[in-house]
Amino acid sequence: TLAWIAPHFERKQHPPAQHVWLAGSSADAMYIVESGTLRVYVENGSESEAVESILPGTLLGELALITGQPHGTTVVSDGSVVMWELSKSVFDELSAAEPAKMLAFVRLALMYPAQGMKAITAYAFCAQ
């Protein structure tokens, strides 16, 4: 699955302080961070609050791209960042042309957030 989809990702460089996406925007891609750090912000009333740092090796944007829901956060590059991008147009083309392969890729992509949620939930319940 990964060998099949990998050539469809495109390497992109983001300068410091560039928005990858804004909260409420439609997904136009999913990304894998190669180098650099990104910051995740949530709206807190009239202010934005940094709630997470995204490090190399992280997959991001997959939930909004797969579900078609708008992004719930704002993501900004914290310094220069290199990411690999799978655009929505390529995602949609591959989904139409190779649905079984894309289903396998989507299942793989969704394992990451599921594993993260299990770890967070386990920590939250064990820490009390």
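The values are calculated or read from the model by the stated rules, or taken from the named source; none is laboratory data. Predicted, not measured: the structure shown is a model, and the values here were computed from it. Cβ coordinates were reconstructed from backbone atoms using ideal geometry, including for glycine residues, and neighbour counts include every protein chain displayed. Surface accessibility is based on the protein's heavy atoms, side chains included, excluding ligands, DNA and RNA. Shrake-Rupley method; radii C 1.70, N 1.55, O 1.52, S 1.80 Å.
So what are the chain's ellipsoid semi-axes, whole angstrom, largest first, if each one is the square root of 5 times an eigenvalue of the alpha-carbon gyration tensor?
In descending order, the three semi-axes are 24, 19, 14 Å.
Relative contact order of the chain: what whole-number percent is it, with Cα pairs under 8 angstrom and at least 6 residues apart?
So the answer I get is 34 percent.
Using a 1.4 Å probe, what is the accessible area per residue for the chain, in Å²?
Details: 7710 Å² over 128 residues.
Dividing the accessible area of the chain by its residue count gives 60 Å².
For the chain, what is the charge dipole size about the Cα centre, in debye to the nearest 20, if Lys and Arg each add +1 at the Cβ and Asp and Glu each add -1 at the Cβ?
Details: 7 positive and 13 negative charges, 70 e Å.
I would put it at about 340 debye.
Return the carbon/sulfur percentage of the accessible area of the chain, one whole number, probe 1.4 Å, all protein chains in place.
Taking all protein chains in place, the chain shows 58 percent carbon and sulfur surface.
Suppose the chain between Arg107 and Leu2 were pulled fully straight at 0.36 nm per residue; how much longer would it get relative to their current alpha carbon spacing? Mind showing how you got there, number by number?
Numbers: separation 105, 0.36 × 105 = 37.80 nm, distance 1.17 nm.
Gain on extension, Arg107 to Leu2, equals 36.6 nm.
Local charge sum around His71 (other residues, Cβ-Cβ under 13 Å, Lys/Arg +1, Asp/Glu -1)? Kindly include the intermediate steps, with their values, before the conclusion.
Numbers: positive: Lys88; negative: Asp28, Glu43, Glu62.
Result for the neighbourhood of His71: -2.
Given the Cα-Cα distance of Arg11 and Asn44 and 0.36 nm per residue of separation, how much length would full extension add, in nm?
8.6 nm
Measure nothing but the geometry: give the 0 to 90° angle between the long axis through the Cα atoms of 88-97 and the longest principal axis through the Cα atoms of the chain, rounded to 10°.
Once rounded, the angle reads 40 degrees.
With angles folded into 0 to 90 degrees, how steeply does helix 99-126 sit against the dominant principal axis of the chain? Use alpha carbons for both and round to 10.
The angle comes out at about 20 degrees.
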